[in-house]
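Engineer: First, the structure itself, so that you have it in front of you.
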Amino acid sequence: MSLRFATILMCAAVWAGSASAQTWTPVEGDAAIGTLPMARGPALAEARIHYRTLGEPRRGADGKVNNAVLLLHGTGGTGAQFLSPQFADELFGRGQPLDVTRYYVIMPDNLGHGASSKPSDGLRAAFPEYGYTEMVEAQRRMLAELGVEHLRLILGTSMGCMHIFVWGTTHPEAADALMPMACQPTRIVGRNRLWRTMVKDAIRSDPLWDGGNYQAQPVQGLRTAVDLLLLAGSAPMAMQQDLATAEAVDGYLTTQMERRLPALDANDLWSQVNASWDYDPSGGLQRMSAPTTWINSADDFINPPELGLSEAFIPQLPDADFRLIPNSADGKGHGTHTWAKFWKADLIALLARTER
């Protein structure tokens, strides 16, 4: 396989501006990863993974890249989410934890997402039913195309958090350090599976669905999906404070629907939410040997701490720390993972304790 660039926006990643106004311009490209076998259904031919990078690869005495950092986004997202100010401005500048003059930061659009291979490219409902196993394999192949054999760090949020547990249990020597945020290392059941099933049912129950061959987006089903996604990502204390009147609540919902709905494709979203069908790393946690800092937040609807799952699983990890970010009116719910101010110190400590 060869590396094919669909787009090169610049020959190098650039940071410009003051501390209060930073602009991050990544290099973008597509890795052609060949035919991707699927556990369910036919293989995906001519698969591609779109990516963004900041910084430049550096090689050690052995000639291998030794400064690569892989950032893995959540369900429905893209690698571009890591360029948001609340993430990038806290981490990528000079002297910051993931200083892009020091690290080669790789931010893929994962399989089924963004500009990577996905149902809306043409196959629609005939697109293979991919799972997290195939998504991680696609990431691995993308890294190979970029010439990266080993990672300094994998940091992932939500779905990306779960992908880290797949990486850690199936490719335990792949990275020096792991930082999963906002997930649990066990199968998707209970309320977590329930809201996902509701999203999938809403999409396929819409009269416009037509077996996935809709002529117009099934908006009724997608509106219900957005409703559920808003609840799943909600921060209760912050919402109680910020949406303190009926008018504020109604205005918020209208704004969110107007922003989110036009960007959705029903086949893509169904597949994205369905992809966790094969996820359950719980039986192999003892193989996850890379030093790990695992972060969850107390106001996370999707991973509620009262289930006690973290306490049950952390003893099974050979070299891991766990921290629960406490609930507060400043909280971001499930989205706390993308606000680096809440866990920046934990990342600094992880990188320090795994420095070679």
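Engineer: Most mobile of THR35, THR157, THR78 per a Gaussian network model of the chain (Cα springs, under 10 Å)?
Structural biologist: Result for the chain, Cα springs under 10 Å: THR35 fluctuates most.
Engineer: Oh, and also: Please tell me the relative contact order of segment 30-112 in percent, rounded to the nearest whole number, where contacts are Cα pairs under 8 Å and at least six residues apart.
Structural biologist: The normalised contact order for segment 30-112 reaches 34 percent.
Engineer: Compute the FRET efficiency between THR101 and ALA216 as 1/(1 + (r/R0)^6), taking r as their Cβ-Cβ distance and R0 = 41 Å, and round to the nearest 0.05.
Structural biologist: About 0.30, to the nearest 0.05.
Engineer: Can you list the lysines whose alpha carbon is less than 21 Å from that of LYS200, not counting same-chain residues fewer than 8 positions off?
Structural biologist: Answer for LYS200, where 21 Å is the Cα cut-off: LYS118, listed by chain and number.
Engineer: What are the ³J(HN,Hα) values, in whole Hz, obtained from phi via the Karplus relation 6.51 cos²θ - 1.76 cosθ + 1.60 with θ = phi - 60°, for each residue of segment 282-297 in sequence order, with x given for Gly and Pro?
Structural biologist: 4, x, x, 4, 5, 7, 7, 7, 5, x, 10, 10, 10, 10, 10, 10
Engineer: OK, next. Averaging sequence separations of C-alpha pairs under 8 Å and six or more residues apart, then dividing by the length of the chain, give the relative contact order as a whole percent.
Structural biologist: Value for the chain: 17 percent.
Engineer: Name the helices (complete DSSP H segments) of the chain with a Cα length along the long axis of 18 Å or more and a Kyte-Doolittle mean of at least 0.5, or state none.
Structural biologist: Helix filter hits for the chain: 219-232.
Engineer: Taking only protein heavy atoms into account and a 1.4 Å probe, give the accessible area per residue of the chain in Å².
Structural biologist: Ligands and nucleic acids excluded, the figure is 43 Å² per residue.
Engineer: Treating cross-link reach as a plain straight distance, find the aspartates and glutamates whose alpha-carbon is under 17 Å from the alpha-carbon of LYS344, omitting any fewer than eight places away in the same chain.
Structural biologist: In chain and number order, the partners are ASP89, GLU90, ASP99, ASP321, ASP330, GLU355.
Engineer: Tell me which chymotrypsin sites (Phe, Trp or Tyr not before Pro) from segment 246-315 have a DSSP coil assignment and no more than 14 other beta carbons within 10 Å of their own.
Structural biologist: Passing sites in segment 246-315 do not exist.
Engineer: Right, another one. Please report the spacing between the Cα centers of segment 283-301 and segment 69-107 in Å, no decimals.
Structural biologist: Taking the Cα centre of segment 69-107 as reference, the centre of segment 283-301 is 20 Å away.
Engineer: Which whole-number percent of Cα pairs in the chain have a distance greater than 28 Å?
Structural biologist: 43
Engineer: Reachable lysines from LYS341, Cα under 28 Å, same-chain residues fewer than 8 places away excluded?
Structural biologist: Cα-Cα hits under 28 Å: LYS332.
Engineer: Counting pairs of alpha carbon atoms under 8 Å apart in space and at least six apart in sequence, what relative contact order in percent does segment 96-244 give?
Structural biologist: On the way: 125 pairs, mean separation 21.6, N = 149.
Across segment 96-244, relative contact order equals 14 percent.
Engineer: Then there is this: Would you tell me the accessible area of GLU355, worked out with a 1.4 angstrom probe on the heavy atoms of the protein chains, in Å² to the nearest 10?
Structural biologist: In the full protein context, GLU355 sits at about 100 Å².
Engineer: For ALA61 and ASP250, calculate 0.36 nm times their separation in residues minus their Cα-Cα distance, and state this gained length in nm to one decimal.
Structural biologist: In short, 62.1 nm is gained.
The values are calculated or read from the model by the stated rules, or taken from the named source; none is laboratory data. Computed from a predicted model, the values in this text were never measured in an experiment. Counting neighbours? That spans all protein chains shown, and the Cβs are built from the backbone with ideal geometry, glycine included. Heavy atoms of the whole protein, side chains included, go into the accessibility calculation; ligands, DNA and RNA do not. Shrake-Rupley method; radii C 1.70, N 1.55, O 1.52, S 1.80 Å.
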